[in-house]
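Report on one structure; see the data block that follows.
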Amino acid sequence: MKAIILAGGSGTRLWPMSRSGKPKQFFDVVGSEPLIRDTYRRLLRTFPAEKIYFSVTPAFEKMLFEYFPDLDRGRIIVEPEKRDTGPAMGYVAARLELEDPDEPIVFIPSDHYIADEEKFLNCLSVGDQLIRETGKMLDIGITPTFPSTVLGYTKFGELVEKRDNIEVYQFAGHTEKPPREIAEQYLADGSYLWHANYYMWTPRKFMSAFENYAPEAAEILRQIQNVGRGTNFRAPTVDAVRDLYSRLPKTSFDYLITEKMNPADVLVIKGDFGWSDIGAWDTLYDRLASEEKQNVIKGSTILVETEGSLVYAPAGKTVAVLGMKDIIVVDTGDALLVCPRSEAQRVKEIVSELQKNNLEELL
């Protein structure tokens, strides 16, 4: 099995730390290592280095070498531009189909926290086995702990089997980012999992899914294959590939493919391995806080009569907070964010305002 680390996201809900030029996956948000390096290290426990690829946009290719100076250039798949996971995953499948169309691949987001790494890797191993045995697409879902409105939900049906202490279910449908009242219903229902974007299949099967459910996109991907064949989609064909890629719909793989699929063609692994999507300041707080440590701090801070808060200070500056509860304070030197912890998922609205006001230097 090959693993593809998806590292082209921007992480707008972790502004002002996460910026378009250096998003969250390149920061040591949890622990001492940047999320992307932690993801790579985790995979190296069972994957040979030559089986691990990176999918990035051109803006992050150079930065990738700063974090992985010995990385083989052939293991970097550079999306011509950022167009969401639908085009990105199709582009990867088109490229890897030319290498080995029937070797299973798994897409791994670069910005997740995983507590039980052994169980996570076992889930990937079970997925690899089941693809080879059944020919079906595999997805990993996470048992929800609160009614999230920023994650997709996977409905699971009957238990198909339990292998190596890992439960595998029949897929029964997908809903992308529901409103809160629906998310609350899903949580109470008990037959829904958070969708974490750990898709597993073969390149040939992924390409067939595009042909069945997004034929116009599939035709463009086939043209990209023909143009980029033998060059890894790089020079001298990069301009032609970029032009074709720009014609793909800017949407997620979930909208483009998953929601249209025959449920019988998909199996779902229940992946309870201590997962967190470090996508916003409140989820980061939840991951780092504890009964003994009610405040999460970084840098030089002074907190007086303050609880349930996350406070980050930049180098060379002290941030003081007095008499506050459940707030987020993030100072990066050139920008300062202050908001209730309960409103942290709305930080991307600030990013939208910065864009409207052409404050590019803060993006």
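The values are calculated or read from the model by the stated rules, or taken from the named source; none is laboratory data. Just so it is clear, the model here is predicted, and its values are computed rather than measured. Note that we place each Cβ from the backbone using ideal geometry, even for glycine, and neighbour counts take in every protein chain shown.
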_Looking at region 259-313 only, could you name the residues that are assigned to a helix (DSSP H, G or I) and among the polar types (S, T, N, Q)?_
Thr283
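Would you be able to tell me the number of residues in region 54-68 that are part of a helix (DSSP H, G or I), in contact (Cβ under 8 Å) with a residue 40 or more places away in the chain and either surrounded by 21 or more Cβ atoms within 10 Å (Cβ to Cβ) or in contact with a Leu (Cβ under 9 Å, 6 or more places away or on another chain) (or both)?
Qualifying residue count for the region: 2.
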*With respect to Phe253, is the statement that it is modelled with pLDDT of 90 or more, of a type in the set (Phe, Trp, Tyr) and closer than 17 Å to Glu81 by Cβ true?*
yes
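For the structure I just gave you, tell me whether Leu151 is at pLDDT 95 or above and either at positive phi or surrounded by 14 or more Cβ atoms within 10 Å (Cβ to Cβ) (or both). Full working, then the answer.
Working: at pLDDT 95 or above: no; either at positive phi or surrounded by 14 or more Cβ atoms within 10 Å (Cβ to Cβ) (or both): yes.
Taking the combined requirement at face value, the residue does not satisfy it.
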*Hits in region 15-38 (condition: touching a Pro at 6+ places or on another chain (Cβ under 8 Å) and part of a helix (DSSP H, G or I))*: Gln25, Phe26
*Going through region 314-361 one residue at a time, which ones are closer than 28 Å to Glu291 by Cα, assigned to a helix (DSSP H, G or I) and small (Gly, Ala, Ser)?*
Ser342, Ala344
_Under 9 Å between Cβ atoms, which residue pairs at least 6 apart in sequence (or on different chains) link something in region 41-53 that is assigned to a loop (DSSP other than H, G, I, E, B) with a partner that is at pLDDT 95 or above and of a type in the set (Gly, Ala, Ser)?_
Thr46/Ser125; Phe47/Ala3
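Conditions (1) modelled with pLDDT under 95; (2) among the aromatic types (Phe, Trp, Tyr); (3) surrounded by fewer than 16 Cβ atoms within 10 Å (Cβ to Cβ); (4) under 28 Å from Arg37 (Cα atoms), marked per residue:
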{"site": "Tyr113", "(1), (2), (3), (4)": "yes, yes, no, yes"}
{"site": "Met137", "(1), (2), (3), (4)": "no, no, no, yes"}
{"site": "Tyr169", "(1), (2), (3), (4)": "no, yes, no, no"}
{"site": "Ala188", "(1), (2), (3), (4)": "no, no, yes, no"}
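So, in region 319-330, how many residues would count as being free of Cβ contacts under 8 Å to residues at least 60 places away in the same chain and under 21 Å from Leu362 (Cα atoms)?
Residues in region 319-330 being free of Cβ contacts under 8 Å to residues at least 60 places away in the same chain and under 21 Å from Leu362 (Cα atoms): 3 in total.
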*Can you tell me which residue within region 69-85, out of those that are under 19 Å from the mean Cα position of the chain (by Cα) and either part of a loop (DSSP other than H, G, I, E, B) or outside the structural domain of Thr12 (by TED's automatic domain parsing) (or both), is surrounded by the most Cβ atoms within 10 Å (Cβ to Cβ)?*
Glu79
*Does at least one position in region 293-309 carry a residue that is among the hydroxyl-bearing types (Ser, Thr, Tyr) and under 29 Å from Pro87 (Cβ atoms)?*
no
